[in-house]
Amino acid sequence: MTAQGQGSDVLVSTDWVAQHLSDPSVRIAEVDVDTAAYDQGHVPGAAGWNWTTQLCDTLVRDVVPKNKLEELLGASGIDNAATIILYGDNNNWFAAWAFWQLKLYGHQDVRIMDGGRKKWLAEGKELSTEAPKAAKKTYSAKAPDNSLRAFLPEVQESVKGGKASLVDVRSPAEFTGEILAPPGLPETCQRGGHIPGAKSMPWAKLANDDGTFKSPAEIKALYDGVGVTGDKPIIAYCRIGERSSHSWFALKYLLGYNNVKNYDGSWTEWGNLVGAPVEKP
Amino acid sequence: MRAEEFSERKDTIDGWAVNLVTYRIADRWYCTIDNVDPGARFARAEGGTREDAERTALEKAQKYLKQTRRFPASG
């Protein structure tokens, strides 16, 4: 486990995971943007969760329904007492998305493997293509804790009243409206730009080249530099809510700011609203 | 089983900075390409050799990047 103050209970190293592969209290799950990556080879014993079908409501645009999450966790051999370790590609974008949802539903002990899938591969650590053989468990999720989640009306109020710090964690070119989506990915909004008053703090600035998080002191200095200090509520957003989960994790658990919400509607909601104010650049 | 011959390098495709990650697992080569900013993976391929995997991934990346439009960054 990392030993750098804040975050030491939610961030574990690849070495820590390698040492706990046989620990019965630990269950590991891989959550990738590239849903085919898991099948190439994964951390031995890790479950593979598909964010497009298993970590969302597949009918309505929403987070995973409570009963569906209970089924997924139970089928993955996870009960309420388990220590869940999440990791994935793209520097843990969707691992952070899964982490946010697990906290939303009240799971006590969930952690992220720092550096994610790429670091595990780069270090030449053991891989497996075998499906995990965990015995099915019963999981009981709590009602969603919406203090971790921002919905559109709250964001609209924040724009009017400035009661919260809005943080746009997309790339600078998305923030200015030069592009509508990360290069090479489908455009999913009608307008480019950002929510009025939002500060730009690209998620990638929080990560080292190997995908690990920078130290809390480095991350704090970055946020201090744009005037986001935790003295008022913080709402993070990106395009669909996964990159902002990564920044939400850093703000809440590495910096220890209490009132941090993820606006998962993000730019695909705001940038498609008729009449919504947009700021450029 | 483990990833071997892992490598990572920066490149540019049609003016876009990209990052190529290539490795071998058993006898298959895998290549993923992400844009440097914001770091999103958008193309991947596999092949029997490093060259095959990278060439196919680069072809896909070029195709996808051509679809990205640039707009004036002002109102």
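Summary table below
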| item | result |
| --- | --- |
| Peptide A:27-34, shielding by other chains (average Cβ, 10 Å cutoff) | 1 |
| Chain pair B, A: total accessible area buried, heavy atoms, 1.4 Å probe, Å² | 2700 Å² |
| Relative packing of peptides A:132-140, B:28-36 - highest average C-beta neighbours within 10 Å first | B:28-36, A:132-140 |
| Helix-only mean residue ellipticity at 222 nm for chain A, each DSSP H run of n ≥ 4 adding -39500 (n - 2.57), per residue, nearest 500 | -7500 deg cm²/dmol |
| For q = 0.11 Å⁻¹, Debye-computed log10 I/I(0) when each Cα of chain B counts as one equal scatterer | -0.30 |
| Average accessible surface area per residue within the protein assembly as shown, 1.4 Å rolling probe, Å² | 41 Å² |
| Centroid-to-centroid separation of the range A:58-79 and the range A:211-232 [C-alpha atoms, Å] | 32 Å |
| Over the range A:212-281, volume per residue of the alpha carbon convex hull, in Å³ | 105 Å³ |
| Cα-centre dipole for chain A with unit charges at Cβ (Lys and Arg positive, Asp and Glu negative), debye to 20 | 600 debye |
| Peptides ranked, highest mean first, by Cβ atoms within 10 Å: ranges B:55-63, A:264-272, A:247-255 | A:247-255, A:264-272, B:55-63 |
| Antiparallel bridge percentage (DSSP; both residues within the protein assembly as shown; nearest 5) | 55 percent |
| Helical contribution to [θ] at 222 nm, DSSP H n ≥ 4, -39,500 (n - 2.57), averaged over chain B, rounded to 500 | -7500 deg cm²/dmol |
| Listed residue pairs exceeding 24 Å between alpha carbons, taken from A:K118/B:K60; A:K118/A:K214; A:K119/A:K205; A:K214/B:K10; A:K66/A:K136; A:K68/A:K163 | A:K68/A:K163 |
| Portion, in percent, of the accessible area of the protein assembly as shown that falls on carbon or sulfur, probe 1.4 Å | 49 percent |
| Shielded by partner chains, the range B:37-75 residues - at least 50 Å² of accessible area, 1.4 Å probe, vs chain alone | B:D37, B:P38, B:R41, B:R44, B:R69, B:F71, B:A73 |
| Solvent-accessible area lost in complex, 30 Å² minimum, residues of the range A:66-90 relative to chain alone, 1.4 Å | A:N90 |
| Lys/Arg +1, Asp/Glu -1 at C-beta; the protein assembly as shown dipole; positive extreme among A:V31, A:G106, A:A122 | A:G106 |
| Label-point separation, A:E154 to A:R61 (7 Å along Cα→Cβ), nm | 1.8 nm |
| Average beta carbon contacts from partner chains per residue of A:184-190, 10 Å cutoff | 5 |
| Solvent-accessible area lost in complex, 40 Å² minimum, residues of the range A:149-182 relative to chain alone, 1.4 Å | A:E178, A:I179 |
| Convex hull per residue volume in Å³, alpha carbons only, for the protein assembly as shown | 129 Å³ |
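The values are calculated or read from the model by the stated rules, or taken from the named source; none is laboratory data. Nothing here was measured: the structure is a model prediction, and the numbers come from that model. Virtual Cβ from ideal backbone geometry, glycine too; neighbours counted across all protein chains shown. Protein only, heavy atoms only, side chains kept; ligands, DNA and RNA dropped before computing areas. Shrake-Rupley method; radii C 1.70, N 1.55, O 1.52, S 1.80 Å.
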